[in-house]
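Heads up: the structure comes next, in C-alpha cells.
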Amino acid sequence: KRAITLSPGNLSVLSNLGFMYLQNGEFQKCISAYDQAILYDPYDPKSYFNQAVACYNLKNYSKALELFTKTITMEPAYPNGYLYRSMTYKMLGDYSHALQDVFIAQQSGQQVNAPYIDELKKLTAGKR
C-alpha cells in the first residue's frame, strides 16, 4: 500500500497489489486495484483475468463471464481463461459451453481433472 502512495500510477505496483488482495481473499479490494491498473493499461489480459477470478469468488458469475471472455478475446491462447470460463458457464447452468471451453483448455495444455469433464458430460446429456 505504501508503494501506491509513493507511486500512484505505477502499473506494476497496482497489479501486484491486486494479486496480493486476490491471494488473501480480499476480492472487492482486488477488483478495485485492477480497475486502477486497467486505467493505465487496458490491454493487459492478466488484469482482466485476475479481476474475473475475484468476481467468480464473489459469485458474480455474469461479470466473471464477461471478464474471462475479454481475457480470451485479448489472448486466445490463455488456457486458464478457458478453464475458468468453463467453471463460470457451469455455475450459470450453461453446460454445453462449459464442456466446449474445458476441451479448448485441455487442447491448449491446461490440465483438467477427469471427474470435472465427466460431470460436465453428464450435465450436458441431462439438458438434452
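Residues that are crowded, with 23+ Cβ neighbours inside 10 Å, farther than 24 Å from residue 20 by Cβ and among the polar types (S, T, N, Q): does segment 85-95 have at least one? Scanning segment 85-95 turns up at least one residue that is crowded, with 23+ Cβ neighbours inside 10 Å, farther than 24 Å from residue 20 by Cβ and among the polar types (S, T, N, Q). Among the residues of segment 26-35, those identified as more than 22 Å from residue 92 (Cα to Cα) and surrounded by fewer than 20 Cβ atoms within 10 Å (Cβ to Cβ) are 26, 29, 32, 35.
With respect to residue 31, is the statement that it is of a type in the set (Val, Ile, Thr), farther than 29 Å from residue 118 by Cβ and at pLDDT 95 or above true?
Here the answer is yes, as residue 31 does meet what is asked.
When 64, 98, 125 are checked against the criterion of being more than 17 Å from the chain's Cα centre (by Cα) and either closer than 19 Å to residue 19 by Cβ or in a helix (DSSP H, G or I) (or both), a single residue qualifies: 125. One residue stands out in segment 101-122 among those that are open to solvent by 80 Å² or more (accessible area, probe 1.4 Å) and outside any helix (DSSP H, G or I): the one that is nearest to residue 43 (Cα to Cα), namely 111.
Restricting attention to segment 10-25, the residues that are of a type in the set (A, V, I, L, M) and loosely packed, with under 15 Cβ neighbours inside 10 Å total 1.
Applying the criterion of being under 19 Å from residue 97 (Cβ atoms) and not in a helix (DSSP H, G or I) to the residues of segment 45-61, the residue that is most open to solvent (accessible area, probe 1.4 Å) is 59.
If the condition is being within 9 Å of the chain's Cα centre (by Cα) and open to solvent by 10 Å² or more (accessible area, probe 1.4 Å), then segment 68-82 contributes 69, 80, 82.
The values are calculated or read from the model by the stated rules, or taken from the named source; none is laboratory data. The shown structure was predicted, so the numbers you read here are calculated from the model rather than taken from an experiment. Cβ: placed from backbone, ideal geometry, glycine included. Neighbour counts: every protein chain shown. All accessible areas refer to the heavy atoms of the entire protein, side chains included, with ligands and DNA or RNA removed. Shrake-Rupley method; radii C 1.70, N 1.55, O 1.52, S 1.80 Å.
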